[in-house]
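First comes the structure, then the notes that go with it.
What follows draws every value from the coordinates through simple rules; no lab data is involved. All values derive from a computational prediction rather than experimental measurement. Neighbour counts are summed over all protein chains in view; Cβ atoms, including those assigned to glycine, are modelled from backbone coordinates with ideal geometry.
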Amino acid sequence: MERSKIERHFNCGRYQRALSGLSENERSAWGDTTKLRCMRAMGHKDAIAYADQLRSIISDRSEAYPMTTSERNNQLRYISLVYAEQNRAKDACTIMARLCKKSPNVAALHREYAFALSNDSQLDKAELQLNRAIKLKPDSASSHAQLALIYCRTGRADAGYNGYSRAATLEPNNVAYTQRLLYWSNYLEHTTQQSNYQLTQLWVNKAFPNQQSVSDTLNTANPARQLKLAFVSSDFCAHAIRFFIQPLLTGLNKDEFHLTGYSDAKAVDQATAAIGELCDVWRDSSQIDDTQFATQITADKIDILVDLNGHTSGNRLGVFAKHVTPIQLSWLGYPSTTGLKSIGYRITDRVVDPSELHDQFFSEKLLRLSNGFLCYKPLENAPDINPSGDQSHIRFGSFSNLAKISSLTLDCWSAALLAVPKSTLYVKRQQLTNKNASGFFIQQLVDRGISEDRIIFNHSTAKVEHHLDEYNNIDIALDTTPYNGTTTTLDALWMGVPVISLKGQTHASRVTASILYRLNLSGLATDTVFEFGERAKELSALQETLHELRFGLRKRMKESALMNEKQFGREFGNALRSQWRDWCHERDLTQTTTASLDEVKK
């Protein structure tokens, strides 16, 4: 196959065809590099082994074909990219540092070096390399987007959003940049449900202008039969999603639903196996494209397909846009509308998505469960509640993603610290090892009147059970806004730590309020920054109440709807069954109308 045709296949995402074409050709430097590019793009499990093989050949100078310096360096670049993506970031950094030293004026090399550094958690150095890349090539959208991600990861979401906006302006037809803007808009305090919806529609019009609004499925329209229910996620692994999908799969009535899991997870671990065991059918979908995936779903005769990703990375909205099942819905993984008219429903509740605020700004019909939109299964080997350390003063704390710590969040936290003299703030996040992140964070609090000696950082990367034990070092957790915690909120409560939150107008800013409502603690979900500080002051002053609350929270959670798997499974299942009956009724009406028209024509 001609080289130009192979490149066309690659550029159009037809990686398997490109690989087939390469197998017909004589081996060459270009061919080996292109093979690695294809394997990387496919997320091929053997990509790392092939990268090692090519690197060994280069190191031994035992090439089976002529290779120019340019070809060798190009091959090393792709070896580095594979390493960076496959938990070999230090090796990638070694390669890219040498290439940048040899060619200091090549912007792309600095950008790729920054990618390796980012994956090695060296965000300060990555930021420096990206600024060099942008200085060399100011109109590089990819460099601006990569720098934007670092800003977001280190608590500078506003700057990150501006960076993505710059990238989208430079490449307006690049749908990925529009989707990143959409995703990160959830972290900005000026975002409303309406503005998010409007941005979503911009993305939809670019990404799927011809999406199907009606499924042409041949599934049997029987309202009472067992339904084939499937879940799609790239996070079926040691990810927070496991704490919510497991209780749902356990709680669903197996006579009512036949369960299928489609896993797009790149890493397979014990959590993957645990989730898979709860399904009747388990499929690894990570190695197939959207068209192949849609074909598999059709072959499996799925009735209801549930998206757990939304606009997060690794999503399969391209599959949902094809509308290959009668009913499609969104749940949990993303805090706003997908924008796709092919996804008809979204599972939620009346606290997190009040009808008067949100209905008109979701493309999906909101199905509100009466006892909350999620059910939580805590880590089985969670440590005991055992407050430790210096308890002579109130210790506030947050273990939330730095991206969620907005200016408004810092206003709330400062109000709490100022309302409770001598209190401290304990913040745990690995990214705080980077001076740009920690310096920015400290300066923001100092500017609000909080002295640096009241701020305590922990940037360890302990295993999850040890991470939970850190909650014993704080008395009251302070939530983030406008993007609340979900797992972090529930983890804190499970460890006996009450959470104070600020409600907003979006789904993301009302999740903690929904959780607290289920525990009869809705008074901890405040409406203003002033009230946030006052609630912190009141709770801190009630030492006996705080002590009783701490040691009674686990029991309260166990007895609440938050951990009632059967109740949640029943409510979730009933909501799906109701929509299925409606679909069957509409299908019957359509078939009756069609039959009547056929009779008229005769």
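Descriptive notes on the structure:
- Here the dipole of the chain is about 1240 debye; that uses its Cα centre as origin and unit charges on the Cβ of Lys and Arg (positive) and Asp and Glu (negative).
- Contour minus Cα-Cα distance for N87 and D139 (0.36 nm per residue): 15.7 nm
- Listed candidates (1) 88, 73, 39; (2) 79, 78, 42; (3) 123, 52, 50 - label of the one calculated as Cα extents along the principal axes in Å: (2)
- Put the Cα centre of segment 135-166 next to the Cα centre of segment 538-565 and the gap is 42 Å.
- Amide H partners (placed H, <5 Å) of F257, local residues excluded: L227
- Inter-centroid distance (Cα atoms) of segment 301-339 relative to segment 1-32, Å: 32
- Whole-angstrom gap from segment 480-494 to segment 34-58, using each part's C-alpha centre: 39
- Positive-pole candidate from I456, G533, S400, dipole of segment 395-562, charges at beta carbon: S400
- Taking other C-beta atoms within 10 Å as the exposure proxy, F551, F399 rank F551, F399 from fewest upward.
- Helical contribution to [θ] at 222 nm, DSSP H n ≥ 4, -39,500 (n - 2.57), averaged over the chain, rounded to 500: -16000 deg cm²/dmol
- Extension gain from Q292 to V464, taking 0.36 nm per residue of separation minus the Cα-Cα distance: 58.3 nm
- Counting beta carbons within 10 Å around each of V324, V464 and listing the fewest first gives the order V464, V324.
- Debye-sum result for segment 395-562 in log10 I(q)/I(0), which assumes one identical scatterer on each alpha carbon, at q = 0.13, 0.14, 0.15 Å⁻¹: -0.57, -0.67, -0.77
- For segment 395-562, a simple Cβ point-charge model (Lys and Arg +1, Asp and Glu -1, everything else neutral) yields a dipole of about 320 debye relative to the Cα centre.
- About the centre of its Cα atoms, segment 3-173 shows a dipole size close to 180 debye [charges on the beta carbon of Lys, Arg (+1) and Asp, Glu (-1) only; nearest 20 debye].
- Cα gyration tensor shape for segment 70-152, rounded if a/c is under 1.5, else prolate or oblate: oblate
- On the basis of the beta-carbon distance and an R0 of 22 Å, D46 and N25 show a calculated FRET efficiency of 0.65.
- Cα gyration tensor shape for segment 3-173, rounded if a/c is under 1.5, else prolate or oblate: prolate
- Across segment 327-341, coupling constants 3J(HN,Hα) worked out from phi with the 6.51/-1.76/1.60 Karplus curve, θ = phi - 60°, read 10, 10, 8, 10, 8, 6, x, 9, x, 7, 6, 7, x, 7, 6 Hz, and Gly and Pro carry x.
- Label-to-label distance, nm, for residues given as S451 and D255 (7 Å Cα→Cβ offset): 6.7
- Percent of alpha-carbon pairs separated by more than 25 Å within segment 227-368: 23
- Exposure proxy ranking, count of Cβ atoms within 10 Å, fewest first, for F115, F532: F115, F532
- The gain in end-to-end length when the E277 to K341 segment is fully stretched comes to 19.8 nm, 0.36 nm per residue minus the alpha carbon separation.
- Percent breakdown of C-alpha pair distances by 10 Å bin, ordered from the shortest bin, for segment 515-558: 25, 52, 22, 1
- Given charges at Cβ of Lys, Arg, Asp, Glu: segment 3-173 dipole, positive-most of Y15, S56, C100: C100
- Of the DSSP H helices in the chain, those whose Cα atoms cover at least 15 Å axially and whose Kyte score averages 0.5 or more: 407-419
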